[in-house]
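The values are calculated or read from the model by the stated rules, or taken from the named source; none is laboratory data. Not measured: the values here are computed from a predicted model. Methodologically, a virtual Cβ is constructed for each residue, glycine included, from the backbone with ideal geometry; neighbour enumeration extends over all protein chains shown.
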């Protein structure tokens, strides 16, 4: 009799333990970091440089050679955000120095070198913003992968400017949308 | 002759309708961190991925800006072949040598020092920029180049240090023993 009671009690205890353990919730931390990636590139004509051809002193708002040579007068200067990107981009622009005469020290001031930017290839228009040796954020912001930032450039040649070839370097920098240049 | 002219005409028409070949040039960057906790006096290397989904090979490189510029050491420019997608980004390192930035209060010529870490945390802040080598050009105008900047903050950890005076106690004990032994020797003599 006692043996049976003991077996019954043991069975009940075992059942209770099984139920309790089945109801116990096990937790673990799940964590993942998703990489960010973005690629920006320059169109063919922008890669070849921003050229102005041969200009006369005392002329203003001279177009860069590819400002209007796309279909329907579109600009063919653009910065492309690759579709192989997962962050949106703001575009910044600067130059290293004013346009400086090759083999000389004469310059065309940065205030004479202007640009404008848009996400539409027909939209960049005068008046432009003078380029600077510090990065400035353009109006082309929050651009997603597979889209472009279109640019046009203009140059004023001061009267009496010393003849020659004038050069500098223009940099386009992408930053994640919302970040400063 | 007529056949030749017709062929030539057809060839010119075919050429006119060929799509304009656009060769975008640029570089891409893949990253997983924008801030790291580092120890002073250490060398920390961070790996980024450089890729190039565009049409021309480039010599890509990393460089650091602002506070990070003077403490950084990047790899030489390396070939990033055209058509390299982000999944096959080429690992590229940039390393930082973290200087000693927190004050130590020393008792004796740089020995027996302690550090309480009561100052504000030192942070080296700047950008890691992915760029590529530029080509030259002729005529009036500007050479152009593009890059992408990723923010990076290196937060320097301060490790508090208690002054360890044990070697000083040993030294004092040694000096005392030496003096005692000299006195004893003199008395015996």
Criterion first (out of contact with any helix residue (DSSP H, G or I) (no Cβ under 8 Å at 6 or more places or on another chain), modelled with pLDDT of 95 or more and either assigned to a loop (DSSP other than H, G, I, E, B) or within 7 Å of chain B (Cβ to nearest Cβ) (or both)) does residue A:68 satisfy it?
yes
Go through the range A:83-115 and report how many residues are more than 19 Å from residue A:43 (Cβ to Cβ), facing another protein chain (nearest Cβ under 10 Å) and part of a strand (DSSP E or B).
4
Evaluate the following for residue A:77: is it closer than 23 Å to residue A:166 by Cα and in contact with a helix residue (DSSP H, G or I) (Cβ under 6 Å, 6 or more places away or on another chain)?
yes
Return a yes/no flag: does the range A:71-82 have any residue that is in a loop (DSSP other than H, G, I, E, B) and over 23 Å from the mean Cα position of the chain (by Cα).
no
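This table checks each residue for (1) surrounded by 13 or more Cβ atoms within 10 Å (Cβ to Cβ); (2) touching a helix residue (DSSP H, G or I) at 6+ places or on another chain (Cβ under 8 Å); (3) within 30 Å of residue B:162 (Cβ to Cβ).
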position: B:68; (1), (2), (3): yes, no, no
position: B:71; (1), (2), (3): yes, no, yes
position: B:75; (1), (2), (3): yes, no, no
position: B:82; (1), (2), (3): yes, no, no
position: B:90; (1), (2), (3): yes, no, no
position: B:96; (1), (2), (3): yes, yes, yes
position: B:100; (1), (2), (3): no, no, yes
position: B:103; (1), (2), (3): yes, no, yes
position: B:106; (1), (2), (3): yes, no, yes
Taking the range A:149-166 and keeping only residues that are within 15 Å of residue B:143 (Cα to Cα) and either in a loop (DSSP other than H, G, I, E, B) or without any contact (Cβ under 8 Å) to a residue 12 or more places away in the chain (or both), one is left with A:165
Under the condition of being in contact with a strand residue (DSSP E or B) (Cβ under 8 Å, 6 or more places away or on another chain) and exposed (fewer than 14 other Cβ atoms within 10 Å of the Cβ), which residue from the range A:107-121 is modelled with the lowest pLDDT?
A:120
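Residue by residue, here is whether (1) within 20 Å of the chain's Cα centre (by Cα); (2) buried (at least 16 other Cβ atoms within 10 Å of the Cβ); (3) more than 14 Å from chain B (Cβ to nearest Cβ); (4) touching a residue at least 24 places away in the same chain (Cβ under 8 Å) holds:
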site	(1), (2), (3), (4)
A:125	no, no, yes, yes
A:129	yes, no, yes, no
A:133	yes, no, no, yes
A:142	yes, no, yes, yes
A:147	yes, yes, no, yes
A:168	no, yes, no, yes
Is there any pair linking a residue in the range B:53-71 that is modelled with pLDDT under 95 to one that is part of a helix (DSSP H, G or I), with Cβ under 6 Å and at least six apart or on different chains, and which?
none
The residue that is nearest to residue A:153 (Cα to Cα), considering only those in the range B:135-166 that are more than 14 Å from chain A (Cβ to nearest Cβ) and assigned to a strand (DSSP E or B), is B:154
Residues of the range B:99-134 being away from chain A (no Cβ under 14 Å) and under 30 Å from residue B:58 (Cβ atoms), which ones?
B:124
